[in-house]
Amino acid sequence: MPKVTVDGVEIEVPAGATVLQACELAGKEIPRFCYHERLSIAGNCRMCLVEVKPGPPKPQASCALPAADGQEIRTDSEMVKKAREGVMEFLLINHPLDCPICDQGGECDLQDQSVAYGKGNSRYHENKRAVTEKYMGPIVKTVMTRCIQCTRCVRFAEEVAGVPEIGAIYRGENMQITTYLEHAAQSELSGNVVDLCPVGALTSRPYAFEARPWELKKTFAIDVMDALGTNIRLDSRGRQVLRALPRVNDDVNEEWATDKTRHHVDALVRKRLDRPYARRDGKLIPVSWDEAFAVVADVAKQAGNSVAALAGDMLDCETMYAARELVRSLGGTLFEGRQTGLDYDVSNLAAVNFNSTIAGVETADVILLIGSNLRWEAPLINTRIRKAIKKGAKVFAIGPETDLTYKVEWLGNDAALLNNLSDAVIDAFAKAERPLLLVGGGALAKDGVHGATLALVQKLGLIKDGWNGYNVLHFAAARMGGLMLGYAVQGGVKAVAAATPKLLFSLGADEVDYSAFPNSFKVYVGHHGDKGAHAADIILPGATYAEKAGTYVNLEGRVQRSDKAVFAPGDAREDWSIFRALSQLLGKTLPFDSFEQLRAKMIADVPALGEEGLVAYEWAPPSLAAAASGEFTYPIKDFYLTNSICRASPTMQRCSAELVHGEEFAEAAE
């Protein structure tokens, strides 16, 4: 390990580290615009200049200079100070005086660094240049006159998102960053360039002119748009969430978030259920809580133990536990969370878990995807596979061909291939040290596929010392938590429908085909007026994930906690409190009076939910029929409209229309 001296202090740095990283290890702050830890080195902003000996007697860009043994690095010399002031002066030659009307104000790297390292005055009095606005779609708003050409957005689009649509045209002072042909960026990760942009050139279009960062209350939460469990921060003002931003968690989402995660928040105040409703003469009419509870109590008395519960995709574990305890107190035993009719064996949760872990995907050397469109089902796992490919991994896939942003060897679209893999695939897996098999939701929907993939575990050598390469990809945030709480019936939703429950609790279950329950009295506990509410006989308005604290388990079995950001609108209540109040009326009072007591009771019943982090599921897969045949179809038809919150979001509707269905929108002049 090389030893370097930074401002008179000698330190050891890892081999391959840059001078910038060495300075940071020494506790020195190095200003930068183009350098980013997760992107390739560009070395074009020159803000990170330092003085290095031995070397030429001039400042050098620390981000692109390898740290070598014996280097003497100065970060605070007069030469460095003068050089940084000069760079900042150049950067501000053409930068407009937009701070009062710029959405980046208060969070702007250029603002902060010009104060810390700038000169305080400029010697340039020529007219500033201006750049026409570029259109980058419904997510990203551009004011390209502010651009300092750091190229972070270009590198992100090419290296991380895998959609190289952003680039530079012209040269020198005339250089402009734009999408090719100025169409919308065709990436489900495009919103990340807003976070990456160190100035206000790229800002959030839905959030434009909404708030300043110092006005907002920050709340740590867990995203429920997919099963990844992206760590997010909800920024709210009053009773409204104004934006969602990713938090850094290298084990889960690194520092990225999908466009759906970022921009569904405008739906948290739209199409909301904010009062109870009861169906009378075929129409849903507003009623009081007492009236709604009275109707449910009457039906419950007549139903006896013919009670069931269907869980939606965005539920927290506490809600599912409270509902389960209420249904059990009434004598019910039917609990199901796989809304779309999936029916796979859950006798061993390791057999339906993402065992390699999300971060582990990067280390795989051979990957086989089965019936999964990863770009829509789990975009941030797709980015991990891109990393694995850069390290030399080879990817095979069975399913309908689609653009996954990297090279894939498509084997065909027939489940029968699982029982007859080609020699090339078997040879590749035989040589692999960390082989990975990924089973998508489209694959699990077919009979025999679960068994056929489990049969490949031994054949392909997926389990080695310290490595389990068998992975099932869920895309519902509530799935693993629901399975741990017993929300799975043999036969799935069809089995629940066949039992014809007289009383059916629908917990935000909007993807269920309710025509299968014509004789059931349906009580919908949810937050948006979507499909489940339209089919309900009684609506009890609940809270979204942003309006309650909760525990979530992601697809790799990682237990995470989310906090409450805002209050539910109108007469809506937190879901657990609805079940607690209803249980008292039914004479089956649940044994908790507060959320803390509920969580403690849930952890006592399911200890694995008590500690944040990965749950260790023992590998003991069931023996299942392995005969599979037929073509796979991908379950997600529209990435931007997968749940009731997204379908209520104007931003997601616009994304769907423009990016999925190809509609064109005329842009008004600003």
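The values are calculated or read from the model by the stated rules, or taken from the named source; none is laboratory data. These figures come from a predicted structure and were not determined experimentally. Don't worry about glycine lacking a Cβ; one is built from the backbone with ideal geometry, like all the others, and counts go over all protein chains shown. Note: accessible area is taken over every heavy atom of the protein model, side chains too, but ligands, DNA and RNA are not part of it. Shrake-Rupley method; radii C 1.70, N 1.55, O 1.52, S 1.80 Å.
Structure above, values below:
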{"read-out": "Members of region 626-663 that are in contact (Cβ under 8 Å) with a residue 60 or more places away in the chain, open to solvent by 50 Å² or more (accessible area, probe 1.4 Å) and within 13 Å of residue 266 (Cβ to Cβ)", "value": "650, 654"}
{"read-out": "Entirely in region 373-476, the strands (runs of 3 or more DSSP E) that have 3 or more residues that are surrounded by fewer than 18 Cβ atoms within 10 Å (Cβ to Cβ) and without any contact (Cβ under 8 Å) to a residue 24 or more places away in the chain", "value": "409-412"}
{"read-out": "Extreme residue, least open to solvent (accessible area, probe 1.4 Å), among residues of region 498-529 that are β-branched (Val, Ile, Thr) and more than 21 Å from residue 580 (Cα to Cα)", "value": "512"}
{"read-out": "Scan of region 46-60 for residues that are open to solvent by 10 Å² or more (accessible area, probe 1.4 Å) and within 43 Å of the chain's Cα centre (by Cα), ordered by number", "value": "46, 49, 51, 59, 60"}
{"read-out": "Yes/no for residue 564 being in contact with a strand residue (DSSP E or B) (Cβ under 9 Å, 6 or more places away or on another chain), of a type in the set (D, E, K, R) and not in a loop (DSSP other than H, G, I, E, B)", "value": "no"}
{"read-out": "Test: residue in region 487-494 that is open to solvent by 20 Å² or more (accessible area, probe 1.4 Å), among the polar types (S, T, N, Q) and under 30 Å from residue 437 (Cβ atoms)", "value": "yes"}
{"read-out": "Single condition residue 363 does not satisfy, out of (1) closer than 26 Å to residue 627 by Cβ; (2) in contact (Cβ under 8 Å) with a residue 40 or more places away in the chain; (3) surrounded by fewer than 22 Cβ atoms within 10 Å (Cβ to Cβ); (4) of a type outside the set (Gly, Ala, Ser)", "value": "(1)"}
{"read-out": "Filter result (outside any helix (DSSP H, G or I) and open to solvent by 40 Å² or more (accessible area, probe 1.4 Å)) within region 292-306", "value": "305"}
{"read-out": "Residue that is farthest from residue 608 (Cα to Cα) [pool: residues in region 530-546 that are in contact (Cβ under 8 Å) with a residue 60 or more places away in the chain and either open to solvent by 10 Å² or more (accessible area, probe 1.4 Å) or in a helix (DSSP H, G or I) (or both)]", "value": "537"}
{"read-out": "Qualifying positions in region 268-291 - within 30 Å of residue 242 (Cβ to Cβ), open to solvent by 60 Å² or more (accessible area, probe 1.4 Å) and either in contact with a Gly (Cβ under 7 Å, 6 or more places away or on another chain) or in a strand (DSSP E or B) (or both)", "value": "271, 275, 286"}
{"read-out": "Strands (runs of 3 or more DSSP E) fully within region 3-96 counting 2 or more residues that are out of contact with any strand residue (DSSP E or B) (no Cβ under 6 Å at 6 or more places or on another chain)", "value": "9-12"}
{"read-out": "Residue 524 of a type in the set (Phe, Trp, Tyr), within 30 Å of residue 236 (Cα to Cα) and without any contact (Cβ under 8 Å) to a residue 24 or more places away in the chain", "value": "yes"}
{"read-out": "Count - residues of region 292-307 that are in contact with a Gly (Cβ under 6 Å, 6 or more places away or on another chain) and touching a residue at least 60 places away in the same chain (Cβ under 8 Å)", "value": "1"}
{"read-out": "Tally of residues being in contact with a Leu (Cβ under 7 Å, 6 or more places away or on another chain) and more than 30 Å from residue 192 (Cβ to Cβ) across region 242-277", "value": "2"}
{"read-out": "Any hit, region 118-141, residues being in contact with a strand residue (DSSP E or B) (Cβ under 9 Å, 6 or more places away or on another chain), touching a residue at least 40 places away in the same chain (Cβ under 8 Å), open to solvent by 50 Å² or more (accessible area, probe 1.4 Å) and closer than 27 Å to residue 661 by Cα", "value": "yes"}
{"read-out": "Residues being over 24 Å from the mean Cα position of the chain (by Cα) and of a type in the set (D, E, K, R) - total across region 516-530", "value": "1"}
{"read-out": "Members of region 534-565 that are of a type outside the set (Gly, Ala, Ser) and closer than 16 Å to residue 595 by Cα", "value": "544, 545, 547, 548, 551, 552, 561, 563, 564"}
{"read-out": "Of the criteria (1) in contact with a Pro (Cβ under 7 Å, 6 or more places away or on another chain); (2) of a type outside the set (Lys, Arg); (3) surrounded by fewer than 22 Cβ atoms within 10 Å (Cβ to Cβ), which one residue 333 fails", "value": "(1)"}
{"read-out": "Scan of region 188-225 for residues that are part of a loop (DSSP other than H, G, I, E, B), touching a helix residue (DSSP H, G or I) at 6+ places or on another chain (Cβ under 7 Å) and not β-branched (Val, Ile, Thr), ordered by number", "value": "188, 189, 190, 191, 197, 198, 200, 201, 206, 223, 225"}
{"read-out": "Test: residue in region 548-559 that is open to solvent by less than 20 Å² (accessible area, probe 1.4 Å), in contact with a Phe, Trp or Tyr (Cβ under 7 Å, 6 or more places away or on another chain), aliphatic (A, V, I, L, M) and touching a residue at least 60 places away in the same chain (Cβ under 8 Å)", "value": "yes"}
{"read-out": "Criterion violated by residue 477 - all others in (1) aliphatic (A, V, I, L, M); (2) under 26 Å from residue 613 (Cα atoms); (3) in contact with a Lys or Arg (Cβ under 6 Å, 6 or more places away or on another chain) satisfied", "value": "(3)"}
{"read-out": "Residue 653 on the phi < 0 side of the Ramachandran plot and within 29 Å of the chain's Cα centre (by Cα)", "value": "yes"}
{"read-out": "Single match in 159, 107 (criterion: under 25 Å from residue 202 (Cβ atoms), modelled with pLDDT of 90 or more, part of a loop (DSSP other than H, G, I, E, B) and open to solvent by 20 Å² or more (accessible area, probe 1.4 Å))", "value": "107"}
{"read-out": "Every residue from region 579-595 that is in a helix (DSSP H, G or I) and open to solvent by 60 Å² or more (accessible area, probe 1.4 Å)", "value": "584, 585"}
{"read-out": "Check on residue 173, in contact with a Leu (Cβ under 9 Å, 6 or more places away or on another chain), surrounded by fewer than 18 Cβ atoms within 10 Å (Cβ to Cβ) and within 22 Å of residue 43 (Cα to Cα)", "value": "no"}
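The rows are residues; the columns are (1) touching an Asp or Glu at 6+ places or on another chain (Cβ under 7 Å); (2) more than 27 Å from residue 251 (Cα to Cα); (3) modelled with pLDDT of 95 or more; (4) small (Gly, Ala, Ser).
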residue	(1), (2), (3), (4)
589	no, yes, no, no
594	no, yes, no, yes
615	no, no, no, no
657	yes, yes, no, yes
666	no, yes, no, yes
